[in-house]
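A.B. asks: There's a structure below that I have some questions on.
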Amino acid sequence: MNLKSLALAGTLVAAGLGSVATTALAQSGDQFFPALVYRTGAYAPNGVPFANGYVDYLKLVNARGGINGVRVSWEECETGYATDRGVECYERLKNRGGGATVFQPLSTGITFALTEKAPTDKIPLITAGYGRSESTDGMVFKWNFPLLGTYWDAADILIQHLGAKEGGLDKLRGKKIALVFHDSPYGKEPIPLLEERAKMHGFQLQLLPVTHPGVEQTATWLQIRRDRPDYVLLWGWGVMNSTSLRQAQTTGFPRERMYGVWWAGAEPDVKDVGEGARGYNALALQHGAEKNAKVAQEILAQLHAKGQGTGPREEVGDVLYMRGLVSAMLAVEGVFRAQERFGKGKRMSGEQARWGYENLNLTQARLNALGFEGVMRPLSTSCADHRGDVWARVHTWDGTKWNFTSDWLQSDQTIIKPMIKSAADKYSQEKNIPRRPGSDCQS
């Protein structure tokens with residue numbers, strides 16, 4: 001089966017899964033969570049497990065009694081990973097169910113578009129592990145929450161990790177590092193950080209864009225074979241990732257010298273390549289595959305055992321399924337936090353939920369109680385910091401499964417914070433958005 005056939009097969013499978021209880025119609029007083037998804041198209045193999053995990057967690061919340069008794073409802077809207085369709089979905093769903101609580105675009109391009117709309121509509125955006133890196137600065141980006149980490153964080157962690165492998169960052173001088181990236185806002189986002197690190201350490205950065213959807217990469221990998229970079233960083237999504245790995249195998253580039261971002265390190269990226277992907281490394285956005293996590297086991301018992309699971313039982317605990325679970329959990333926990341201030345057991349508006357996301361305090365005890373022990377670390381946010389602490393690990397494909405191969409890693413905030421401040425100030429000036437005064441931090 002060729003790559004285009006694989007993409008089509010993924011689309012057909014995804015379309016079938018899309019009919020499985022993906023909407024819970026809102027009732028009066030419900031807390032409504034719109035879900036922007038892509039269950040069809042070239043990105044469906046990655047979009048489907050995320051969507052299934054997201055919806056399953058919302059179902060689990062209702063099975064647990066809701067948010068202090070408030071029932072959760074949701075409705076999916078298919079974006080196909082296209083920015084224009086994402087904006088259409090936003091407009092369609094923003095006033096449903098008494099008003100949207102929060103949007104999670106699952107696309108950096110859609111995030112850029114909705115960043116312009118969220119302040120007017122007073123609906124927060126959670127972009128966990130993606131989106132605008134400078135939106136970490138909550139004093140400018142009041143409605144954006146790039147929780148857990150940004151692409152600047154991911155790129156910085158990878159360069160630090162490569163430096164450590166070489167015996168120190170100074171040993172990167174003279175090395176060639178190629179970035180094979182999806183030619184979109186997503187793929188371009190890490191470039192400023194990588195350029196900054198290249199200046200600091202003297203390595204040569206080679207930028208190799210790949211056109212949507214990423215199935216045509218022959219010329220890219222012939223260039224890699226010719227130029228022989230020391231490392232390849234992969235910033236792909238959907239079928240692009242497995243295509244890159246197949247091309248690396250064909251051209252003889254060692255998979256051990258390939259490192260993907262956390263959206264290029266899941267089962268759909270490697271399982272059809274199998275042994276050909278052995279040795280490939282990718283960042284894990286804290287969690288990896290977590291089949292034994294308590295929350296995964298609870299979903300199997302409370303949903304799948306009763307025929308109420310959204311997708312196949314076998315995917316529960318897979319990397320992107322867990323990413324969807326974590327993202328839904330963050331959305332719900334912001335509402336729990338908001339209820340502490342605005343009224344326990346009451347439905348929260350988007351504006352009230354925004355306060356909750358800005359004041360998150362996910363302690364280890366709370367994570368354990370939710371079933372996320374060992375899946376992620378504590379997370380807190382503030383008025384100035386809409387991201388929270390960043391933690392990641394590297395996991396490596398052994399031909400059949402992912403295994404963690406590094407300790408916990410963190411980005412260097414002495415490099416990233418000035419970049420965030422500079423970019424946020426530029427955005428503030430361009431859009432004529434003044435920085436928030438301290439008095440606005442409790443609004």
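The values are calculated or read from the model by the stated rules, or taken from the named source; none is laboratory data. Note that the coordinates shown come from a computational prediction; the quantities given were computed from them, not determined experimentally. Don't worry about glycine lacking a Cβ; one is built from the backbone with ideal geometry, like all the others, and counts go over all protein chains shown.
A.B. asks: Tell me which strands (runs of 3 or more DSSP E) are completely within segment 231-317 and hold 2 or more residues being touching a Pro at 6+ places or on another chain (Cβ under 9 Å), or say none if there are none.
C.D. replies: The strands (runs of 3 or more DSSP E) meeting that bar are 231-235.
A.B. asks: Output the number of residues of segment 397-443 satisfying the condition of being surrounded by fewer than 19 Cβ atoms within 10 Å (Cβ to Cβ), within 26 Å of the chain's Cα centre (by Cα) and not in a helix (DSSP H, G or I).
C.D. replies: Count: 12.
A.B. asks: Taking GLY334, is it crowded, with 19+ Cβ neighbours inside 10 Å, under 20 Å from the mean Cα position of the chain (by Cα) and either without any contact (Cβ under 8 Å) to a residue 24 or more places away in the chain or farther than 30 Å from LEU162 by Cβ (or both)?
C.D. replies: Against the criterion (crowded, with 19+ Cβ neighbours inside 10 Å, under 20 Å from the mean Cα position of the chain (by Cα) and either without any contact (Cβ under 8 Å) to a residue 24 or more places away in the chain or farther than 30 Å from LEU162 by Cβ (or both)), GLY334 qualifies.
A.B. asks: Considering only segment 353-383, state which residues are among the basic types (Lys, Arg) and within 20 Å of the chain's Cα centre (by Cα).
C.D. replies: ARG354, ARG377
A.B. asks: Let me ask you something else. Out of all the residues in segment 100-115, which are in contact (Cβ under 8 Å) with a residue 60 or more places away in the chain and over 18 Å from PHE50 (Cβ atoms)?
C.D. replies: ALA100, THR101, PHE112
A.B. asks: Quick one: TRP237 ticks every box in (1) at positive phi; (2) in contact with a strand residue (DSSP E or B) (Cβ under 6 Å, 6 or more places away or on another chain) except a single one, so which number is it?
C.D. replies: Failing condition for TRP237: (1).
A.B. asks: Quick test of your reading of the structure: LYS165 fulfils all but one of (1) closer than 22 Å to GLU196 by Cβ; (2) surrounded by 19 or more Cβ atoms within 10 Å (Cβ to Cβ). Name the failing condition by number.
C.D. replies: (2)
A.B. asks: Tell me, please, whether a residue that is among the hydroxyl-bearing types (Ser, Thr, Tyr), on the phi < 0 side of the Ramachandran plot, assigned by TED's automatic domain parsing to the domain that holds TRP408 and not in a helix (DSSP H, G or I) can be found in segment 186-205.
C.D. replies: No, segment 186-205 contains no residue that is among the hydroxyl-bearing types (Ser, Thr, Tyr), on the phi < 0 side of the Ramachandran plot, assigned by TED's automatic domain parsing to the domain that holds TRP408 and not in a helix (DSSP H, G or I).
A.B. asks: Exactly one condition in (1) surrounded by 17 or more Cβ atoms within 10 Å (Cβ to Cβ); (2) touching a strand residue (DSSP E or B) at 6+ places or on another chain (Cβ under 9 Å); (3) without any contact (Cβ under 8 Å) to a residue 40 or more places away in the chain is false for LEU172; which is it?
C.D. replies: Going through (1) surrounded by 17 or more Cβ atoms within 10 Å (Cβ to Cβ); (2) touching a strand residue (DSSP E or B) at 6+ places or on another chain (Cβ under 9 Å); (3) without any contact (Cβ under 8 Å) to a residue 40 or more places away in the chain one by one, LEU172 breaks only (2).
A.B. asks: Does segment 76-88 include one or more residues that are in contact (Cβ under 8 Å) with a residue 60 or more places away in the chain and touching a strand residue (DSSP E or B) at 6+ places or on another chain (Cβ under 7 Å)?
C.D. replies: Scanning segment 76-88 turns up at least one residue that is in contact (Cβ under 8 Å) with a residue 60 or more places away in the chain and touching a strand residue (DSSP E or B) at 6+ places or on another chain (Cβ under 7 Å).
A.B. asks: Restricted to segment 345-396, and to residues that are in contact with a Leu (Cβ under 8 Å, 6 or more places away or on another chain), assigned to a loop (DSSP other than H, G, I, E, B) and among the β-branched types (Val, Ile, Thr), which residue is nearest to LYS271 (Cα to Cα)?
C.D. replies: VAL375
A.B. asks: Take the conditions in a loop (DSSP other than H, G, I, E, B), of a type outside the set (A, V, I, L, M) and out of contact with any Lys or Arg (no Cβ under 7 Å at 6 or more places or on another chain) and apply them to GLY131. Does it pass?
C.D. replies: Spelling it out, GLY131 is indeed in a loop (DSSP other than H, G, I, E, B), of a type outside the set (A, V, I, L, M) and out of contact with any Lys or Arg (no Cβ under 7 Å at 6 or more places or on another chain).
A.B. asks: Same structure, new question: Free of Cβ contacts under 8 Å to residues at least 24 places away in the same chain, closer than 24 Å to TRP408 by Cα and of a type in the set (Asp, Glu): which single residue out of GLU134, GLU189, GLU166 fits that description?
C.D. replies: Result: GLU166 is the single residue among GLU134, GLU189, GLU166 that is free of Cβ contacts under 8 Å to residues at least 24 places away in the same chain, closer than 24 Å to TRP408 by Cα and of a type in the set (Asp, Glu).
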